[in-house]
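A quick write-up on the structure given underneath.
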Amino acid sequence: MNDVLRDRVRGCVVGAAVGDALGMPLEFGSKIPTTALVREMTGGPLPAGAFTDDTEMALALSDSLLAHRPLDPADLADRFVAWLQSKPRDVGIHTGSVLYQIAAGEPWDRVAESVLRRRPDSAGNGSMMRCWPIAVAHWNDLDLLVSESRLQSRVTHPHPDCIEGCVFVNSAIYYLLRGLLPAEAIARAMTHADLSPEMQKVIRSAPRKPRDALENSGWVRHAVESVVWGMRTWDSFEEIVVQVANLGNDADTSAAIVGAMAGAVYGLSAIPDRWLAELHGEWPLRSGTIWTSEDFVALADRLAETGENEPAGR
Ligand SMILES: [Mg+2]
């Protein structure tokens, strides 16, 4: 792996956590006026620079990927349940209801099926917010990247828009890591995901959407809309993440997703030092171990290393 690619891989991982932390105090809030955009890590429900459940679930997925190749969905489900039982401050409503059933002893695949049957319209952004570790681990194998992006979503979010949304985001990261411009990476990513006509329309129209019309809710279609808008409208890591986080509502999640994508283009070297200095959080929860930006850099290297021999190593 050359230095440029390494910087981009690190940027993807650190960028996701930084976006989550920047968006944390803005979550559930209204859109911040463009004259008063929040550009600094600030405190909210957590201290300034702290990451949230989005990053915690991505770290659980990362741990699972580092322990098992290929991805073992039962192991992943167990790790999500262990995380839930460690009492995180935030758990998505849908994610929580799925994980409580798995914790009660139901096999993950049966829970996923029954959730989809009972709530066919439940299509939150909860699997997309944590999907980036798959893109980093499989930076060298697009087939595995696509299949495992789907599998990790199925564990909690079996709705087709969630599953294919994860394929879309991770395929875009795949091309961004290779130096494609956002417009081209997004266009190519659309060919790898089996997107519903509605999702395709959202992605195609997002770049022209006025800021006022962006809802940035927890719905997966709104998350996709915000991140595509951010990637196509702004042209630096800082501006993209600031603009998406300041949409409010599900600010931390959209900023985490777009942070992974923007980090994959602009690299770790483009992430402001003042944000890196503030980033922190406990992982695993209740372990007393505090992660800082250096730990995310080390994680990026470890995840990417496992993909070094793909696809030949398969
Ligand atoms: Mg969160």
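Coordinate-derived values only; no laboratory data. Quick caveat: nothing in here was measured; it's all calculated off a predicted structure. Quick reminder, even Gly has a Cβ in these numbers, built from the backbone with ideal geometry, and neighbours come from all protein chains shown.
For the chain, with a Gaussian network of springs between Cα atoms less than 10 Å apart, report the residue from Gly259, Gly19, Gly49 with the top mean-square fluctuation.
Fluctuation is largest for Gly49.
For a quick check: sort Ser293, Ser254 by the number of other beta carbons within 10 angstrom, fewest at the front.
Ranking Ser293, Ser254 by Cβ neighbours within 10 Å, fewest first, gives Ser293, Ser254.
Arranged by the count of other C-beta atoms within 10 angstrom, fewest first, what order do Lys201, Lys209 take?
If I rank by nearby Cβ atoms, fewest first, I get Lys201, Lys209.
Please work out how much length the chain gains when fully extended from Arg117 to Asp143, using 0.36 nm per residue of separation minus the C-alpha to C-alpha distance, in nm with one decimal.
Separation in residues times 0.36 nm, less the Cα-Cα distance, equals 6.5 nm.
Residue by residue through the range 5-19, which ³J(HN,Hα) values in whole Hz follow from phi under the Karplus form 6.51 cos²θ - 1.76 cosθ + 1.60 (θ = phi - 60°), with glycine and proline marked x?
Values per residue, Gly and Pro as x: 5, 4, 4, 5, 4, 5, x, 4, 5, 5, x, 4, 5, 5, x Hz.
Any cysteines in the chain with zero other Cys Cβ atoms under 4.7 Å from their Cβ? List them, or say none.
Cys12, Cys162
If you average the C-alpha positions of the range 37-63 and of the range 67-92 separately, how far apart do those two centres end up, in angstrom?
Distance between centres, Cα-based: 18 Å.
When the helices in the chain are scored as -39500 (n - 2.57) per DSSP H run of 4 or longer and the sum is shared across all residues, what 222 nm value do you end up with, to the nearest 500 deg cm²/dmol?
The per-residue figure over the chain is -18500 deg cm²/dmol.
Rounded, prolate or oblate: which fits the range 263-314 when a ≥ b ≥ c are the square roots of the eigenvalues of the alpha-carbon gyration tensor, with rounded for a/c under 1.5 and prolate only if a/b beats b/c?
oblate
Pop out the ³J(HN,Hα) list for the range 121-136 in order, Karplus 6.51 cos²θ - 1.76 cosθ + 1.60 with θ = phi - 60°, rounded to Hz; leave Gly and Pro as x.
9, 6, 9, x, 8, x, 8, 6, 5, 10, 7, 4, x, 5, 5, 6
Between the range 166-228 and the range 118-142, what is the C-alpha centre distance in whole Å?
13 Å
Across bins of 10 angstrom width beginning at 0, how are the C-alpha pair distances of the range 3-306 distributed, in whole percent?
7, 32, 39, 20, 2, 0
Grab the beta carbon distance between Lys201 and Arg286, set R0 = 41 Å, and tell me the FRET efficiency rounded to 0.05.
That pair, Lys201 with Arg286, gives E of 0.40.
Trypsin sites (Lys or Arg not before Pro) within the range 89-170: which are DSSP loop residues with at most 13 other Cβ atoms inside 10 Å?
Taking the range 89-170 and a limit of 13 other Cβ atoms within 10 Å, the loop trypsin sites (Lys or Arg not before Pro) found are Arg89.
How big is D, in µm² s⁻¹, for the range 60-158 by Stokes-Einstein at 4 °C and 1.567 mPa s if Rh is the Kirkwood radius over C-alpha pairs?
95 µm²/s
If amide H atoms are built 1.01 Å from N in the plane of the peptide, which residues on other chains or at least 5 residues away come under 5 Å of the amide H of Glu282?
Excluding prolines and chain starts, which carry no amide H, the hits are Trp291.
How high is the relative contact order of the range 3-306, given as a whole-number percent (alpha carbon pairs under 8 Å, six or more residues apart)?
Normalised by residue count, the contact order of the range 3-306 is 34 percent.
When the Cα atoms of the range 134-248 are enclosed in a convex hull and the volume is divided per residue, what value in Å³ results?
That works out to 98 Å³ per residue.
Nearest 20 debye, what's the magnitude of the dipole of the range 97-184 about its Cα centre given +1 on Lys and Arg Cβ and -1 on Asp and Glu Cβ?
240 debye
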